[in-house]
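Report on the following structure.
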């Protein structure tokens, strides 16, 4: 299970909407308590691909985010990105580039902008499993 | 020499290359890794010829990307 507070969710949503028509992306940092991940901070990064169907995190911003997590005593939990025109599920490209089976991969679908959908996945090879996400 | 790897100080032999450090540190899936030395990014093709020196600050970063390409 992974837990995120509503204000962090709203930061992600606002950023993703502001980046349309392109995909938006970022990192999530937090702590792990037993089997559960608690998101403590979300990072809004630049999609250097500037594409509506692909993203790559800006490595300089990624490095800065990792250092910020270290200074705050939290750890990288995974990343998030938006699918502007498609459902919240990992594409083959998402699976191909998900090398860390312990990470949480969050996907925000903006297919219906009036009803955005954020889901979290664990990805191992070609297998993607939905991870329970609690936003409160 | 003393270098800092991902925020942790480590003692290493002089002459260590970035490529050797990748092995020493058991960096997983190195094909997806880029590194920075003192905030300067180093391409993986230059790992072999990058010799580290005392005081260097090294970070390993995994490429993160993906996207909705191919989904419907």
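None of the figures in this text is laboratory data; all of them are computed from the coordinates on show. Please read these numbers as outputs of a predicted model, since none were measured by experiment. Note that each Cβ is placed from the backbone with ideal geometry, even for glycine, and that neighbours are counted across all protein chains shown.
Just check region A:45-136 against the gyration tensor rule for me: Cα atoms, a ≥ b ≥ c as the square roots of the eigenvalues, rounded for a/c under 1.5, and otherwise prolate or oblate depending on whether a/b exceeds b/c. Display every interim value, and only then the final one.
Details: a/c = 1.43, a/b = 1.30, b/c = 1.10.
It is rounded, given that a/c, with a ≥ b ≥ c, falls under 1.5.
What's the long-distance tail for region A:49-103, i.e. % of Cα pairs beyond 16 Å? Write out the running numbers ahead of the final one.
On the way: 787 of 1485 pairs.
Tail of the P(r) past 16 Å holds 53 percent of the pairs.
Mean per-residue shielding of peptide A:88-97 is 4, counting Cβ atoms of other chains within 10 Å of each Cβ. Averaging sequence separations of C-alpha pairs under 8 Å and six or more residues apart, then dividing by the length of region A:1-99, give the relative contact order as a whole percent. Over region A:1-99, the number comes to 30 percent.
Taking only Cα atoms of the protein assembly as shown, what ratio of Rg to Rh do you get with Rh as the Kirkwood inverse-distance radius? Numbers along the way, then the final one.
Numbers: Rg = 17.8 Å, Rh = 17.8 Å.
On the Cα set of the protein assembly as shown, Rg over Rh gives 1.00.
For region A:1-65, the orientation-averaged shadow of the C-alpha convex hull comes to 4.8 nm² (one quarter of the hull surface). Under the simplified labelling scheme, the residue A:101-residue B:24 pair shows an inter-label distance of 2.9 nm, with each label point 7 Å from Cα along Cα→Cβ. All Cα-Cα separations within chain B were binned at 10 Å from zero, giving a P(r) of 19, 52, 17, 8, 4, 0, each value a whole percent of the pairs.
Spatially, region B:14-33 and region A:53-109 are offset by 23 Å when compared through their Cα centroids.
Given R₀ = 30 Å, FRET efficiency for residue A:32-residue B:51 by Cβ-Cβ distance, to 0.05? Please list the in-between numbers first.
Numbers: r = 37 Å, r/R0 = 1.22.
Result of the calculation: an efficiency of 0.25.
Going from the fewest other Cβ atoms within 10 Å to the most, the residues A:81, A:15 appear in the order A:15, A:81.
What does the average come to when, for each residue of peptide A:61-73, you count the partner chain Cβ atoms lying within 10 Å of its Cβ? Don't skip to the answer; put the middle values down first.
Working: counts 0, 6, 7, 1, 0, 6, 3, 0, 0, 4, 1, 0, 0.
For peptide A:61-73, the averaged partner shielding equals 2.
Taking every DSSP beta bridge that has both residues in the protein assembly as shown, what percent is antiparallel when rounded to the nearest 5?
In the protein assembly as shown, approximately 75 percent of DSSP beta bridges are antiparallel ones.
Ranked by how many other Cβ atoms sit within 10 Å of their own Cβ, fewest first, the residues B:62, A:99 fall in the order A:99, B:62.
Most simply put, region A:67-136 has about 60% antiparallel DSSP beta bridges, counting only bridges with both residues inside it.
Can you sort B:64, A:75 from fewest to most other Cβ atoms within 10 Å of each residue's own Cβ?
Numbers: B:64 26, A:75 14.
Listed from fewest to most nearby Cβ atoms, that is A:75, B:64.
Inter-chain neighbour count for B:55-65: the average number of beta-carbon atoms from partner chains within 10 Å of each residue's beta-carbon is 6.
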